[in-house]
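Heads up, the thing below is written out as C-alpha cells.
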Amino acid sequence: MRIVNTFNDPNSPGPSYHLGIDGAYPNVITGGDPDRIEKLAGLLDDAVYIHKRGNLTVHGFYEGLPVTAFSTGMGPSSVCITLPEVIEACDDDDMLLLRIGTSGGLKTHLAVGDNVVTSDVFHDEGVSAKIMGEGYQGSASEDFRKVIEKVARRNNITNGLDVFVGKTVTTDVLYFDAIGDLSRYENSLAISMEFGVIAALRDWYNQNDGRRIMAGNLLRVSNMLVRSDVDSKVSRPSPDEIEYLHIKSGLDALVAMRRKR
C-alpha cells in the first residue's frame, strides 16, 4: 500500500487539503509564484486550472507530454506541505520534478536574467534535515541536471543570456539573514528557498515508497546580492522575454528527459 503523509485517507480518496487535487501527471514543474504557473499554463494545450488557498495547479499537455505545474508557495515549509500532495496524487512511480524559480546571484560573473542549474545544495534551512536526518546533503539528479543544462544553453545562449552550473543555497530566511554575511556561501552561485527540500522529498519517497523520482532545479537570477562585473551595456532580452525563455526551458527539459527514459 502507498505511503500517505498528506490529509488524504487512502481508503477514501478525495481532493488534497491544500492544493485541492485528486490526481497529478508524472511530469511536474514547480514554482513559488502562482503568476509564473499561470504564464506556463499559456503554453499548454487543454489546460485545466485548480485554485485553492491561494495556490494554483494546472494540468495540461506540452508537445503531447502530460504536465502538472503548481505553485508551491514560498520557502521550505511551504514546499514540504504542497509537494507531497502532488507526489501522492500521482499513480506513476517514474516522476520528474523540475523547479523553475528565481534567485539572488552570489558571484560577480552572473547578471540578472542568467540561468543557474543546481548541481548540489548548501542547506541553510532546517526542513531537509527533518525529512532525511541530520547531515543530509541534497543534489540534483545527475542525468536530469545534464538535460536541463543542455536545454537551457540552447534556449538562452543564442539570446544573450548565460547559463551556469554549480552549488546553490536553499535558505529559510529572505530579508533578515540571506543578505547579511555572504562569506559562508563562497562556493555557491545563487540563493533561493525551495530546492533543498524538493531534493529531500525526492530521496524520502524513493527510499520509503519505492518511487523513481528525479529532481532538478533551473533558477533565473532575478537580482544580484553582489555587484555584477557583466557589462551592463551588452544587449539582453526584456524581462518578459527572459521569463518566457525560463519557463520554456523548463517545459523543454521535461520533454527531453522523458524521451531519454
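Bear in mind these aren't lab numbers, they're just calculated from the coordinates by the rules spelled out. None of the values given here were measured: they were computed from a predicted structure. In this analysis, Cβ positions are derived from the backbone assuming ideal geometry, glycine residues included, and neighbour counts consider all displayed protein chains.
For a quick check, take a GNM of the chain with Cα springs below 10 Å and name the residue from Asn217, Asn208, Asn55 with the largest mean-square fluctuation.
Among Asn217, Asn208, Asn55, the largest mean-square fluctuation in the Gaussian network model of the chain belongs to Asn208.
Sort His59, His109 so the one with the fewest other Cβ atoms within 10 Å of its own Cβ comes first. Provide the component values of the computation, followed by the final result.
Working: His59 20, His109 12.
The most exposed by this proxy come first: His109, His59.
Please order Tyr17, Tyr136, Tyr185 by the number of other Cβ within 10 Å, starting at the fewest.
Details: Tyr17 13, Tyr136 17, Tyr185 22.
Neighbour counts put them in this order, fewest first: Tyr17, Tyr136, Tyr185.
Go ahead and set up a Gaussian network model of the chain, Cα springs under 10 Å, then flag whichever of Ser139, Ser228, Ser128 fluctuates most.
The residue that fluctuates most here is Ser228.
Using the Karplus curve 6.51 cos²θ - 1.76 cosθ + 1.60 with θ = phi - 60°, work out ³J(HN,Hα) for each residue of segment 132-146 in order, rounded to whole Hz, and write x for Gly and Pro.
Values, residue by residue: 10, x, 4, x, 4, 10, x, 7, 6, 5, 4, 4, 5, 4, 5 Hz.
To the nearest 10 degrees, how steeply does helix 195-209 sit against the main Cα axis of the chain, on a 0 to 90 scale?
30 degrees
I'm spelling it out carefully: the read-out is log10 I(q)/I(0) by the Debye sum over Cα atoms at q = 0.11, 0.12, 0.15, 0.17 Å⁻¹, the candidates are (i) -0.83, -0.89, -1.07, -1.19; (ii) -0.55, -0.66, -1.05, -1.36; (iii) -0.74, -0.88, -1.30, -1.47, and one was derived from this structure. Which label?
Looking at log10 I(q)/I(0) by the Debye sum over Cα atoms at q = 0.11, 0.12, 0.15, 0.17 Å⁻¹ for this model, the match is (ii).
Too long at a 29 Å Cα-Cα cut-off: which of Lys52/Lys130; Lys130/Lys248; Lys167/Lys248? Don't skip to the end; give the middle numbers.
Numbers: Lys52/Lys130 27 Å; Lys130/Lys248 33 Å; Lys167/Lys248 23 Å.
Long pairs (Cα-Cα over 29 Å): Lys130/Lys248.
How much of the DSSP bridge set in the chain is antiparallel, in percent, rounded to the nearest 5? Before the final figure, lay out the partial values.
Working: 19 of 48 bridges.
Given both bridge residues lie in the chain, the antiparallel proportion sits at roughly 40 percent.
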